[in-house]
Amino acid sequence: MTQPNPTHPTPRASTLVTLCRLLGYLRPYKWRFALVIGCLLLANLDSIVNSLYLQILIDKYITPLLGSTTPDYSALLTSVVTMAIIYAVGVLVSFLSELWLIPITMGIMRDIREHMFAHMQSLPLEYFDNNPFGDVMSRYTNDTDNLEMLIGRAFPNIISSLTMIAMALITMFRASWLLSLVSLSVIALMFVATRIILSRSGQYFRSHQQILGDVNAYIEEMISGQKVIKVFAHEAAAKREFAAKNAQLATANRQANTYTNILMPVMFGFSTLQTVVVALVGVLLALHSWGGVTLGLIAAFLQLNRNLSRPINNISQQFNSLIMGLASCSRIFALLDETSEPDEGTVTLVNVRTRDGHLIESSAPTHHWAWKKTDDQGQTDLIPLQGDVRFHHVNFSYEPGKQVLFDVTFFAEPGQKIAFVGHTGAGKTTITNLLNRFYDIDSGEILLDGLNIQDIKKADLRRSLGIVLQETNLFTGSVRDNIVFGAPEASAAQVDQAVTTAHAQDFIAHLPDGLRTPLAGNGQDLSAGQRQLLTIARAAVCDPPVMILDEATSSVDTRSEKYIQAGMDELMRGRTTLIIAHRLSTVRSARAIMVIDGGRIIESGSHDKLLAQKGLYYQLYSGSVELA
Ligand SMILES: Nc1ncnc2c1ncn2[C@@H]1O[C@H](COP(=O)(O)OP(=O)(O)OP(=O)(O)O)[C@@H](O)[C@H]1O
Ligand SMILES: [Mg+2]
């Protein structure tokens, strides 16, 4: 079960942690990033120099010309050209910083996506039980987009703006502390106004992202359930439900944006006010020749003021991206922080061959397998893989407090076929989910070839089990790709053998391109029966000693059913099989039948014995109660 994070850092601390973690992703690109920052700083410096040069231009080259009877324009021309060159350098470094930033952003995003996907593959099924598909999906789409904006736009902009503010302030105070104080008092007012606005928007942005995840989850559900929606004429209700969720989203969006959108005009107003006040005070000082203020200095100061207010404006503009990016970033990190499926198993599955009656591990494929167990002293033991399955007093609950299986005990010796029957929801699929460790048991013990399955490495445990799940799941790719899903190295002969075992050769031969026919969207172009035959072939190609078959409940036509039955019979031959049976013909051929009711094995034995007992099995068999 996904547990909530027990530690609750304050929002500010958690923002700092998020930022630091994000910086970790920058490590591989640190030199290139330093180059980008260097360019941004150079562009800032260039802008300041340009502003200061304005003072020289006016006081040294323009003002003397005004009083002169024989003006010499050549010096003015040189200084204008100098200014143009300074400006051009600024444009060039800004361009270079943008250019070099793109591959860094794309690289970080690629790394994060890769990390997310790799981690998602390691998560237990419980994570997917507890988190709606659309919500997980929106971390890959919406949240990564926001993060891209944060890394590619907001971050560099904010770094550049902050350094620009510092540079402008230093230069302004050196130029005229009097004018600087005037300018800063307007900025102080502006700061107070923005603090009030921004303190509101952060919380709204977080709830906005949350609601967006819900809306995405709803849309996904409606898309995948389109057929059912149409069959039950649920369109109007779906529209109504969506409208309600959409309205919620719009409200959250409006709340989040209202504050950040009024920020811009407010900032603009303050920066105009600042220009006017500085110009007025400057002229007053110049007229009285106070504080060494000249016309050139006023012009340079107004320009410096712009150097100061532009980055402040810039930061406020990037604030949306910053807040949204950080909210998305923490959602992405939340996915990355989900605990991976634990795997404490040490026993592995290895290829073996026999020499002088002893098993020896082989590095080359031998098609004979054994469990390799290493004890505390480092002694290894090879136990032949036979497929002996034993459940001892197993109790299990998906969620704490809601027990689903009670004291389940049974065994299947190598090659035996054990059938499970019972009403729907009795717990049949759950029993098989425990053998392959989709979920871990609460108490009891499950043994495979005498080894506790908790001691076996999960990947090796699952490799030893073939599974045909109740619901068919096919992937985009060719028919062959789907068959060799669990054994990509399978030869053509093995694939043919698997297809024959599954009795799928007839229908595959009729496909336009045989085994190479492409499939998409969970094999939607195939019939339900054909899809099942492919899943049987997929299990057959792995040739495992233990087979778990969950007969699909969806009804198929009798012809397909005959094929599926034949395919499953073939697949079970010579293997230990746990079969969840919905067909009586399957049950009758089983070595032992377990009748499950309410999570307990209430009857067990052979078909004849159970019939004689006249219990639930008898009712199921005689048809007074339907087999689930
Ligand atoms: N992922 C899950 N999370 C929580 N509860 C679950 C989950 N899967 C199944 N259950 C519950 O466990 C119980 C047993 O379900 P299970 O799927 O094992 O039934 P089943 O016997 O296979 O039924 P069917 O014949 O319909 O396939 C049911 O009450 C079900 O609601
Ligand atoms: Mg089931």
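The values are calculated or read from the model by the stated rules, or taken from the named source; none is laboratory data. On a predicted model such as this, the values are computed, not experimentally measured, just so you know. Please note: Cβ atoms are built from the backbone with ideal geometry, for glycine as well, and neighbour counts cover all protein chains shown. Accessible surface is based on the protein model in full, side chains and every heavy atom, while ligands, DNA and RNA are left aside. Shrake-Rupley method; radii C 1.70, N 1.55, O 1.52, S 1.80 Å.
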Next item on the list: Considering each of SER97, SER122 in turn, give the residue that is small (Gly, Ala, Ser), touching a Leu at 6+ places or on another chain (Cβ under 7 Å) and within 30 Å of THR141 (Cβ to Cβ).
Entry: SER97
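Conditions (1) out of contact with any Asp or Glu (no Cβ under 6 Å at 6 or more places or on another chain); (2) assigned by TED's automatic domain parsing to the domain that holds VAL495; (3) aromatic (Phe, Trp, Tyr); (4) more than 23 Å from SER606 (Cα to Cα), marked per residue:
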position: ASP506; (1), (2), (3), (4): yes, yes, no, yes
position: HIS510; (1), (2), (3), (4): yes, yes, no, yes
position: PRO518; (1), (2), (3), (4): yes, yes, no, yes
position: LEU534; (1), (2), (3), (4): yes, yes, no, yes
position: ALA539; (1), (2), (3), (4): yes, yes, no, yes
position: ILE548; (1), (2), (3), (4): yes, yes, no, no
position: TYR563; (1), (2), (3), (4): yes, yes, yes, yes
position: MET572; (1), (2), (3), (4): yes, yes, no, no
position: VAL587; (1), (2), (3), (4): yes, yes, no, no
Next item on the list: Would you be able to tell me the number of residues in the range 593-615 that are among the aliphatic types (A, V, I, L, M) and open to solvent by less than 20 Å² (accessible area, probe 1.4 Å)?
Entry: 5
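Residues are listed down the side, and each one gets a yes or a no for (1) crowded, with 21+ Cβ neighbours inside 10 Å; (2) assigned by TED's automatic domain parsing to the domain that holds GLY357; (3) free of Cβ contacts under 8 Å to residues at least 24 places away in the same chain; (4) closer than 23 Å to THR348 by Cβ:
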{"residue": "PRO414", "(1), (2), (3), (4)": "no, no, no, yes"}
{"residue": "LYS417", "(1), (2), (3), (4)": "yes, no, no, no"}
{"residue": "THR424", "(1), (2), (3), (4)": "no, no, no, no"}
{"residue": "LYS428", "(1), (2), (3), (4)": "yes, no, no, no"}
{"residue": "GLY444", "(1), (2), (3), (4)": "no, no, no, no"}
{"residue": "LEU447", "(1), (2), (3), (4)": "no, no, no, yes"}
{"residue": "ASN452", "(1), (2), (3), (4)": "no, no, yes, yes"}
Next item on the list: Identify the residue in the range 515-530 that is modelled with pLDDT of 90 or more and in a helix (DSSP H, G or I) and, among all such residues, is farthest from ALA419 (Cα to Cα).
Entry: ARG516
Next item on the list: Out of the residues in the range 390-409 that are open to solvent by 10 Å² or more (accessible area, probe 1.4 Å) and under 19 Å from GLU603 (Cα atoms), state the one that is nearest to ligand 2 (Cβ to nearest atom).
Entry: VAL404
Notebook entry, point to check: How many residues, within the range 498-514, are assigned to a helix (DSSP H, G or I), open to solvent by less than 30 Å² (accessible area, probe 1.4 Å) and either of a type in the set (A, V, I, L, M) or touching a residue at least 60 places away in the same chain (Cβ under 8 Å) (or both)?
Noted result: 4
Check: What are the residues in the range 259-305 that are under 20 Å from PHE319 (Cβ atoms) and in contact (Cβ under 8 Å) with a residue 40 or more places away in the chain, if any?
Finding: TYR259, THR260, ILE262, LEU263, MET264, VAL266, MET267, PHE268, PHE270, SER271, GLN274
Item checked: strands (runs of 3 or more DSSP E) within the range 370-419 that include 2 or more residues of a type in the set (Ser, Thr, Tyr) -> 389-399
Checklist line | Residue list for the range 420-439, restricted to those being more than 6 Å from ligand 1 (Cβ to nearest atom) and not in a strand (DSSP E or B) | finding: HIS423, ILE431, THR432, ASN433, LEU434, LEU435, ASN436, ARG437, PHE438, TYR439
Margin query: Can you go through VAL587, VAL495 and tell me which one is β-branched (Val, Ile, Thr), within 16 Å of ligand 1 (Cβ to nearest atom) and in a helix (DSSP H, G or I)?
Written below: VAL587
Check: Can you tell me which residues in the range 430-442 are buried (at least 17 other Cβ atoms within 10 Å of the Cβ), more than 16 Å from ligand 2 (Cβ to nearest atom) and farther than 20 Å from ASP597 by Cβ?
Finding: ARG437
Next item on the list: Confirm whether ILE580 is more than 16 Å from ligand 1 (Cβ to nearest atom), open to solvent by less than 30 Å² (accessible area, probe 1.4 Å) and in contact (Cβ under 8 Å) with a residue 12 or more places away in the chain.
Entry: no
Margin query: Looking at TRP290 and the list (1) assigned to a loop (DSSP other than H, G, I, E, B); (2) within 30 Å of ASP375 (Cα to Cα), which single condition is not satisfied?
Written below: (2)
